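Written out below as structure tokens is the structure these notes cover.
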Amino acid sequence: MQFSPKITVEWYLLVKDKNRKERYYWCCEYRKSKNCSGRAVTILENKQHILIKSTGYNHAPEASRIDVVSTLNMINEIAASQTRVKPSQIIQDSIIIVQTNFTC
């Protein structure tokens, strides 16, 4: 399974389209399925994406998907950096982190 970097902008999920030097270009995750033309441009500064520009969307945001995608991103990052850890352990650790974040 290929990992596609995603960010959230104004409660919308965007998938990385391309990057040119420090500029990153993002498109709505529903670009194909809902024919959405929502896009954003960010620049990377100190490992953080800074929003430069954002365009409109043709659908309402799905706030609950942000938590799901954030958890999946965390799992993918841990899996990429800790290749000797069993997948079941990575998932269990991520679930504990997510549950801790929701109870705080």
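The values are calculated or read from the model by the stated rules, or taken from the named source; none is laboratory data. No experiment lies behind these values; they were computed from the predicted model shown. Don't worry about glycine lacking a Cβ; one is built from the backbone with ideal geometry, like all the others, and counts go over all protein chains shown. All accessible areas refer to the heavy atoms of the entire protein, side chains included, with ligands and DNA or RNA removed. Shrake-Rupley method; radii C 1.70, N 1.55, O 1.52, S 1.80 Å.
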* Residue among Y30, Q82, V9 farthest towards the positive dipole end of the chain, charges placed on Cβ -> Y30
* To do: Kindly give Rg over Rh for the range 6-55, based on alpha-carbon atoms, with the Kirkwood expression for the hydrodynamic radius.
  => 0.96
* Structure fact -> Taking 0.36 nm per residue of separation between M74 and N19 and subtracting their Cα-Cα distance, the length gained on full extension comes to 17.6 nm
* Structure fact -> Going residue by residue through the range 14-22, the Karplus relation 6.51 cos²θ - 1.76 cosθ + 1.60 with θ = phi - 60° gives ³J(HN,Hα) values, rounded to whole Hz and with x marking Gly or Pro, of 10, 10, 5, 8, 6, 9, 10, 6, 8
* Acute angle (nearest 10 degrees) that the helix 87-103 long axis makes with the longest principal axis of the chain, alpha-carbon atoms -> 70
* For L13, residues with placed amide H under 5 Å, excluding near neighbours -> E29, E62
* If you roll a 1.4 Å probe over the heavy atoms of the protein chains, what accessible area per residue do you get for the range 6-55, in Å²? -> 69
* To do: Multiply the residue separation of S64 and W11 by 0.36 nm, subtract the distance between their alpha-carbon atoms, and state the gained length in nm to one decimal.
  => 18.1 nm
* Structure fact -> Accessible-area order for V68, V85, V41, largest to smallest, probe 1.4 angstrom, reads V68, V85, V41
* To do: Take the Cα atoms of the chain, find their three principal axes, and give me the spread along each one in whole Å, biggest first.
  => 39, 31, 29
* For the range 62-78 and the range 23-60, what is the separation of their C-alpha centers, rounded to whole Å? -> 17
* Structure fact -> Once Lys and Arg are counted +1 and Asp and Glu -1 for all other residues with Cβ under 12 Å from that of P5, the total becomes 0
